[in-house]
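Following: one structure in structure tokens, then a few remarks.
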Ligand code: GRF
């Protein structure tokens, strides 16, 4: 099956760009059917358009107090683009069942912590405050829980003396840009499955990241 990828973003879109660039460099057997942002100012929209990918904005501010309507509209938009896999890349919204149910088992996300540690926001500061010596990022299946879906892969980085949230974020982001395209490629090629009951091959990526 040739996959059609929809990428959802809210801002910079550097993970999105890393995926698109790997896909183009390696001629993935997949198409990018849509890059959608919930924020009209998302920088990543311009990057996607420069790569010739259709873009759209579904502004959550137009749906104040109507979260489930937003999620339904989002599902309709992504469905009409023909997406077979939804890639969340810095999409700063919690998705409700109106979105997660129609796409169950077909949504992945990258989170900048070693889940199950630090779901939610401010992950890097929380790792520093806890005195952790290791931080990292996680690619996981998205379900209705907050950052709680099955872990697909992780990459680790050291927390160094003198780190602040920005320096640690920069170090983690380098690994995000390696890990996320690798996982999406493995999903496309069938080396990794989103179906229930699959075990996580994350060690392979941790070692790669440690080099
Ligand atoms: C990344 O750190 C990602 O892990 C988190 O949000 C950030 C998005 O960055 N979910 P970008 O938009 O991909 O540059």
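Before moving on, here are some points about what is shown:
- When the residues of the range 99-112 are filtered to those that are in contact (Cβ under 8 Å) with a residue 40 or more places away in the chain and touching a helix residue (DSSP H, G or I) at 6+ places or on another chain (Cβ under 6 Å), the one that is surrounded by the most Cβ atoms within 10 Å (Cβ to Cβ) is 110.
- Total residues in the range 72-104, condition at positive phi and at pLDDT below 95: 0
- Yes/no for residue 11 being outside any strand (DSSP E or B) and away from the ligand (no atom under 16 Å from the Cβ): no
- Residue within the range 82-93 that is farther than 28 Å from residue 23 by Cβ and within 16 Å of the ligand (Cβ to nearest atom) present: no
- Which listed residue is under 14 Å from the mean Cα position of the chain (by Cα) and surrounded by fewer than 17 Cβ atoms within 10 Å (Cβ to Cβ), from 82, 120, 96, 149: 120
- Candidates 131, 197, 162 - the one that is loosely packed, with under 14 Cβ neighbours inside 10 Å, away from the ligand (no atom under 16 Å from the Cβ), in a loop (DSSP other than H, G, I, E, B) and at pLDDT below 95: 197
- From 34, 8, 45, residue being under 24 Å from residue 76 (Cα atoms) and surrounded by 23 or more Cβ atoms within 10 Å (Cβ to Cβ): 8
- Restricting the range 50-62 to residues that are farther than 17 Å from residue 78 by Cα and without any contact (Cβ under 8 Å) to a residue 24 or more places away in the chain, the residue that is farthest from the chain's Cα centre (by Cα) is 62.
The values are calculated or read from the model by the stated rules, or taken from the named source; none is laboratory data. Because the structure is predicted, anything quoted here is derived from the model rather than measured. Here Cβ is always computed from backbone atoms with ideal geometry, including for glycine, and neighbour counts include all displayed protein chains.
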